[in-house]
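Colleague: The structure follows.
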Amino acid sequence: MVYDCLKFVFVRSGSAIVFSEFGRQVVSVGDAIMLGPNVLFSNEPEGHVTVTAIYVDTDFALDQFFWQHSAILHDRLDAMGFAEKVYSEPAQILRLGKDRAGLLMPWLDEMVALSIENRFPQRFNRLQALWFEIMDVLAPFIRVSGVRLTPLQHARSRPVLPRSRRFAPLRREALLAREALHGDIAHQWTLRELAEIARLSGSSDIRWG
């Protein structure tokens, strides 16, 4: 089987022989499998096995990855290339252990129940909260590659974290100018006209349109 999304498989009971880019391995209770997009995967249950699978859209995953690393990424387009470098192993078996995996089961059950209800827009926040809880447990077990940025990349990066981008109220002058521009988009505005509206000194006849 091959999917065009991220896939996480949690073994809840029994065991199975699985095959992917990590080779042929045995998984049982306490194990989880992480599969990247377009990664071949097959499994053969050893008698009986019960699993729960989570399918994660790649756009959603990249959006979260961007905000996690927003201090060094320019935009969401950079996130894809950087993610491929960080997660260089697209198929991994995560040996969580029975106790830690047991913490996940109530969250997995709730996600399944909400998915069956098919009320994703109404319960979006709860589903996302459950997903973050699960990933908080999984993240320390996911193997990542160390990626160093060059001095040039550091110099070009534009951090978007709050410590670098202040959340301050907009100036009244800026709001007045914006309202004027939006109120009459056909007008060829000059800086002098906008300055008069915002009660600022203007000395240019450069036109905005």
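The values are calculated or read from the model by the stated rules, or taken from the named source; none is laboratory data. Because the structure is a prediction, the values reported are computed rather than measured. No Cβ is skipped: glycine too gets one built from the backbone with ideal geometry, and neighbour counts run over all protein chains shown.
Colleague: Kindly evaluate A101 against the criterion of being more than 13 Å from the chain's Cα centre (by Cα) and either assigned to a helix (DSSP H, G or I) or over 29 Å from F22 (Cβ atoms) (or both).
Modeller: Yes: the conditions hold for A101.
Colleague: Considering only the stretch 1-51, give the strands (runs of 3 or more DSSP E) lying wholly within it that have at least 1 residues that are surrounded by fewer than 17 Cβ atoms within 10 Å (Cβ to Cβ) and either among the small types (G, A, S) or in contact (Cβ under 8 Å) with a residue 12 or more places away in the chain (or both).
Modeller: 6-20, 23-28
Colleague: Hey, any hits in the stretch 63-84 for a residue that's in the same structural domain as I17 (by TED's automatic domain parsing), closer than 18 Å to I33 by Cβ and exposed (fewer than 12 other Cβ atoms within 10 Å of the Cβ)?
Modeller: Checked the stretch 63-84: no residue is in the same structural domain as I17 (by TED's automatic domain parsing), closer than 18 Å to I33 by Cβ and exposed (fewer than 12 other Cβ atoms within 10 Å of the Cβ).
Colleague: Take the conditions in the same structural domain as M135 (by TED's automatic domain parsing), polar (S, T, N, Q) and within 20 Å of F22 (Cβ to Cβ) and apply them to Q92. Does it pass?
Modeller: yes
Colleague: Take the stretch 89-121 and flag every residue that is of a type in the set (S, T, N, Q) and under 17 Å from R12 (Cβ atoms).
Modeller: Result: S115, single match.
Colleague: Does R100 count as at pLDDT 85 or above and buried (at least 16 other Cβ atoms within 10 Å of the Cβ)?
Modeller: Yes; evaluated as a whole, the condition is true for this residue.
Colleague: Can you tell me which residue in the stretch 163-199 is modelled with the lowest pLDDT, limited to those that are in a loop (DSSP other than H, G, I, E, B) and over 30 Å from H69 (Cα atoms)? Quick ask: steps written out before the conclusion?
Modeller: Our first condition is that a residue be in a loop (DSSP other than H, G, I, E, B); within the stretch 163-199, this holds for 163-171, 184-188, 198-199.
In the following step, the residues that additionally are over 30 Å from H69 (Cα atoms) were identified as 184-188, 198-199.
Working: D184: 87, I185: 85, A186: 87, H187: 89, Q188: 89, A198: 78, R199: 73.
Across the stretch 163-199, the extreme among qualifying residues is R199.
Colleague: Follow-up. What number of residues in the stretch 66-93 are closer than 27 Å to S42 by Cα and either modelled with pLDDT of 95 or more or touching a Lys or Arg at 6+ places or on another chain (Cβ under 9 Å) (or both)?
Modeller: Within the stretch 66-93, residues that are closer than 27 Å to S42 by Cα and either modelled with pLDDT of 95 or more or touching a Lys or Arg at 6+ places or on another chain (Cβ under 9 Å) (or both) number 5.
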